[in-house]
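Only the coordinates and a few stated rules stand behind these numbers; no lab work does. Just so we're clear, the structure is a prediction, and the values are computed from it rather than from any experiment. Quick reminder, even Gly has a Cβ in these numbers, built from the backbone with ideal geometry, and neighbours come from all protein chains shown.
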Amino acid sequence: MNELFNRVSVRDYIDAKVESDKIDLMLKAAMHAPSAMNQQAWEFIVVDDKDTIRALSKVSPYGGPVAKAPLAIVVLGNRDNMKVPQMWEQDLGACVENLMLGATSVGLGSVWIGIAPLRERMNAITDMFDLTENLMPFAIVAVGYPKEKPVPHDDRFDRNKVHYNGY
């Protein structure tokens, strides 16, 4: 469980390309996420073009780390693959978490920039990539080699938040 306990949000990166085999491993991890009725309604746009990364960083007021990253992965939901459409955001949340755990496991840092359900952010990405109506932007994940060594969080386990057989 090292990745679970060592993953932190990384917002600053060195200027070094992320190797394609590491990108593939992160995407493989992402696609191993659970999904409602195994719908796997995720799609990915892998972005390593500096100009496009800069434009992506402006989609959200919290997108600054994207501009510093050598790689951004836009995670989309594909309506055409949704058997249980009301669960798409839960499915993609698990997918993004797996993607970020995959990044940690191969020595990369990442940070999740929320897009859905905020319509203006979703529309900005839709327009940027000329997406069809069936593709719904969910998140941007900035990825790269951390500028500084990430420091894992202190133990977040809080027994006071655990309740058995009722609240």
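Considering every alpha-carbon pair of region 96-167, the percent of pairs per 5 Å bin, from zero through the bin containing the longest distance, is 3, 12, 16, 14, 13, 14, 13, 8, 5, 1. Helices assigned as whole DSSP H runs in the chain whose Cα atoms extend at least 20 Å along their own long axis and whose mean Kyte-Doolittle hydropathy is -1.0 or higher are found at 88-105. Scalar couplings 3J(HN,Hα) for region 33-49, obtained by applying the Karplus form with A = 6.51, B = -1.76, C = 1.60 to θ = phi - 60°, are 5, x, 8, 4, 6, 6, 6, 6, 8, 9, 9, 9, 10, 8, 10, 10, 7 Hz; x denotes Gly and Pro.
Contact order for the chain, expressed relative to its length and based on alpha carbon pairs under 8 Å spaced 6+ residues apart, stands at 34 percent. The calculated pair-distance distribution of the chain uses every alpha carbon pair, bins of 10 angstrom beginning at 0, and gives 11, 37, 35, 15, 3, 0 percent.
Relative contact order, whole percent, for region 65-144 stands at 51, derived from Cα pairs under 8 Å and 6 or more residues apart. From the alpha carbon centroid of region 24-74 to that of region 112-133 is 12 Å. Would you work out which of Gln86, Leu99, Ile45 lies farthest towards the positive end of the dipole of region 25-134, given +1 charges on the beta-carbon of Lys and Arg and -1 on that of Asp and Glu, about the Cα centre? The one lying farthest along the dipole's positive direction is Leu99.
Report the Stokes-Einstein translational diffusion coefficient (µm² s⁻¹, integer) for region 1-57, Rh taken as the Kirkwood radius over Cα pairs, at 25 °C with viscosity 0.890 mPa s. For these conditions, the coefficient is 173 µm²/s. For a modelled paramagnetic label at Asp15, 7 Å from Cα along Cα-to-Cβ, the residues of region 57-87 in reach, with backbone nitrogen under 16 Å, are 67-71.
Taken one residue at a time, the phi angles of region 60-74 give Karplus couplings (6.51, -1.76, 1.60, θ = phi - 60°) of 10, x, 9, x, x, x, 4, 4, 8, 8, x, 8, 9, 10, 8 Hz. Gly and Pro are set to x.
Applying both filters, DSSP loop and at most 15 other Cβ atoms within 10 Å, to the chymotrypsin sites (Phe, Trp or Tyr not before Pro) of region 54-134 gives Tyr62. For trypsin sites (Lys or Arg not before Pro), the sites in region 124-167 that DSSP calls loop and that have at most 14 other Cβ atoms within 10 Å are Lys147, Arg156. Comparing mean-square fluctuations of Ser35, Ser20, Ser105 from a GNM of the chain with C-alpha springs under 10 Å, the top value falls on Ser20. Largest GNM mean-square fluctuation among Met37, Met100, Met26, using the chain with Cα springs under 10 Å: Met37.
A simple spin-label model places the labels of Asn6 and Met37 3.9 nm from each other, with each point 7 Å out along Cα-to-Cβ. 3J(HN,Hα) along region 152-167: x, 5, 4, 3, 8, 5, 10, 4, 5, 9, 9, 10, 9, 6, x, 9 Hz, from the Karplus curve 6.51 cos²θ - 1.76 cosθ + 1.60 with θ = phi - 60°, whole Hz, x for Gly and Pro. Working from label points 7 Å from Cα in the Cα-to-Cβ sense, the Phe157 to Asp51 distance is 5.1 nm. Stretched out straight at 0.36 nm per residue, the stretch from Arg119 to Tyr164 would grow longer than its current Cα-Cα span by 12.4 nm.
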